[in-house]
Amino acid sequence: MKKLIYGIIIALFCSGCDDFLKEYSQSQTVAKEVSHFDEVLLGDGYLPAQNRAYISTDHAGFLNVMDDDVTTVGSPGLAVFFWPNCGVNLFGYYAWQLEVGRNPTGDMLRDDSQTWLDFYRRINVMNVILKEIDDISVNSPSEELDRIRVKGECHFIRASLYFTLVNLYGKAYNKATDYGVPLKLTEYVEHDKDHKTQFERTPVAKIYEQIVTDLKAAVNYLTESPQKRPLHRASKEAAQLLLSRVYLYMQDWHNAALIAEELLKEDTRLYYMSARDSARVFLSEDNTEVLFSQGSMNFYNGMTGNRGDFAVSDSLVQLYDQENDYRRYFFGKNQSTSANSLQWKYDTIAVPHVSDIYTLRIAEGYLNLAEAYAMEDNSQGANQYLRLLRESRIRNYVHTNYTGEKLVEEIRL
C-alpha cells in the first residue's frame, strides 16, 4: 500500500506544475454527449416518482388538500389536532392560511419554500441544457434525433413547472399587469450587487406567453423526434394536452379548440369503464388513456376517512349517479366514521405509478375541446365530446343536448 501511495505522489509531481494546478471540479462532470444531458434531464428535470408515507409539502404535493372537495373527519376545529404530522405540515394549506407553514395552535412556523426552490432549481437545469446541448457534436442521425427529443422534453418540463408556479404564487391569468413569479430563462447566475433582489416578478401574461412558447416548441420537437417511452417522459400528445389547458386558463377558446382538435385527431383512447372496475385501480400505468405522469403519489395514507384524516366531501360524492356512474367506485365509506374515503382511483403501492397531481389523461382533451366549443357557441361540437366522455363512464348513458350557460355548466361539472 505504501508503495502505491508513493507512486501516486511521484506521478503527480512528475506531471508538471501547469497540469497539476489546473482548476477542476471534483463534484461536476462536463457533458460531452447527448446521452449525458438525457441523464441529467431524468435526474434533475422530471419530478421524482415516489410513494409518500403521507401527503407531502414539496413538489406542490399539498395541492389536493386545498381543494373544496376535500374535508376533514370529526367535529369542526377538532380533527386537525389528531392528524399525525398533518396538523403541523398541512393545516395551513388545507385552511388557506396566510402563513401556510403555521400549525393549528399558531406556535410553530415551518419552512414552506420547498416547492419554490426545487422548481426553480429544475427550471435552471432546463435552461442550462437548452443552452449547451446544441454545442455537442453528434456522430449519427439517431443521436441528432435524441438531441431534438431532449430539447422537446426540456421545453415541456420548463412550461409545466412555470405553469404550476404562476398558479400557486400569482393571480389568475389576465391581460393586465398583475404580477406572477420571476421569469428566468438564462443558464448563468444573475446578480446585481446594487439591487436588494436578484429577480423581479414578471407579469402573469408574460409568464403565460413563455409557457405557450415552450409548449409549442415541445410539440414541434417531439413531433420531429417522437418519444419512445411516453408514460413517464414528455410526448407530443402530453404537450398538446397541457397547451390546450393553458389556453383555457387564458380564455383563448379558439386556440384551445384548435390544439385539442389536433390531439384528438390522432389519439382518442378513452378508457371505457364497466362493472369490473368496482374492485381494481382505475388510474394506473395500465390505463390506456393516461398520457403522462411525473411526481409523487401522495395518497398512500391520505383520504381514508379515519378520524383526524382527510375525506372526500359529501357534495362531490353526491354529484355521481349512484346507480349508473362507474366512477362512484372511486369512493367508499369508512365504517367507523361514515366519512367518504378515496379508493380504487390511484395505485398507492406501485412505483413507478400515476401521480395524484402531475398526470395528463386523454379524457381531459375531450372536456377541454367541449368547453372551448361551448364558449365559442358551437353547441353541437360541445355536446358531441361531452357525450363521448360520459358514455365511457356511465352505464346506458342517454345524452341530453344542452345549450348556452347550461351546456358550459355541465361540461365544467
Practice task
Using a 10 Å Cβ count of at most 15 others and DSSP loop calls, identify the longest part of the chain lacking such GluC sites (Glu not before Pro).
Solution key: 100-186
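With a Förster radius of 35 Å, plug the Cβ-Cβ distance of ASP44 and ASN401 into 1/(1 + (r/R0)^6) and report the FRET value to the nearest 0.05.
Values: r = 50 Å, r/R0 = 1.42.
The calculated FRET efficiency here is 0.10.
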Practice task
Give the relative contact order (percent, whole number) for region 238-331; include only Cα pairs under 8 Å separated by 6+ residues.
Solution key: 21
Completion exercise
In degrees rounded to 10, the 0-90 angle between helix 204-224 Cα long axis and the longest Cα principal axis of the chain is 80
Handout entry: Gain in span if fully extended, GLU200 to GLN380, counting 0.36 nm per residue against the direct Cα distance
Key = 60.2 nm
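Please give the length that would be gained between LEU98 and THR213 if that part of the chain were fully extended, namely 0.36 nm times their separation in residues minus their C-alpha to C-alpha distance (nm, one decimal). Mind dumping the intermediate values first?
Details: separation 115, 0.36 × 115 = 41.40 nm, distance 3.27 nm.
Length difference between fully extended and current span is 38.1 nm.
In debye, nearest 20: dipole of the chain around its Cα centre with unit charges on the Cβ of K, R (+) and D, E (-)? Don't skip to the answer; put the middle values down first.
Numbers: 43 positive and 57 negative charges, 168 e Å.
Using only the charged Cβ atoms, the result is roughly 800 debye.
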Practice task
Take the Cα atoms of region 190-313, find their three principal axes, and give me the spread along each one in whole Å, biggest first.
Solution key: 63, 46, 30
Practice task
Quick one: angle between helix 379-391 and the longest Cα principal axis of the chain, in degrees between 0 and 90, rounded to 10, please.
Solution key: 90
Exercise for the section: Tell me which label goes with the value of volume of the Cα convex hull per residue in Å³ computed from the coordinates here: (1) 221; (2) 163; (3) 152. Expected result: (1)
Practice task
Roll a 1.4 Å probe over the protein chains and send me the accessible area per residue for the chain in Å².
Solution key: 54
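Quick one: compute the contact order of the chain, relative version, from alpha carbon pairs under 8 angstrom and 6+ residues apart, as a percent. If you can, show how the numbers build up before the last one.
Details: 670 pairs, mean separation 74.5, N = 413.
Worked out over the chain, it gives 18 percent.
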Practice task
Could you tell me how many degrees, from 0 to 90 and to the nearest 10, lie between the Cα long axis of helix 253-266 and the main elongation axis, the longest principal axis, of the Cα atoms of the chain?
Solution key: 80
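State which entries of LYS216/LYS265; LYS32/LYS216; LYS206/LYS265 exceed 20 angstrom in Cα-Cα distance in the structure shown.
Cα-Cα > 20 Å for LYS32/LYS216; LYS206/LYS265; rest within.
The values are calculated or read from the model by the stated rules, or taken from the named source; none is laboratory data. In this text the structure is predicted, and so the values were computed from the model without any measurement. Heads up, the Cβs are rebuilt from the backbone with ideal geometry, glycines too, and the neighbour counts pull from every protein chain shown. Protein only, heavy atoms only, side chains kept; ligands, DNA and RNA dropped before computing areas. Shrake-Rupley method; radii C 1.70, N 1.55, O 1.52, S 1.80 Å.
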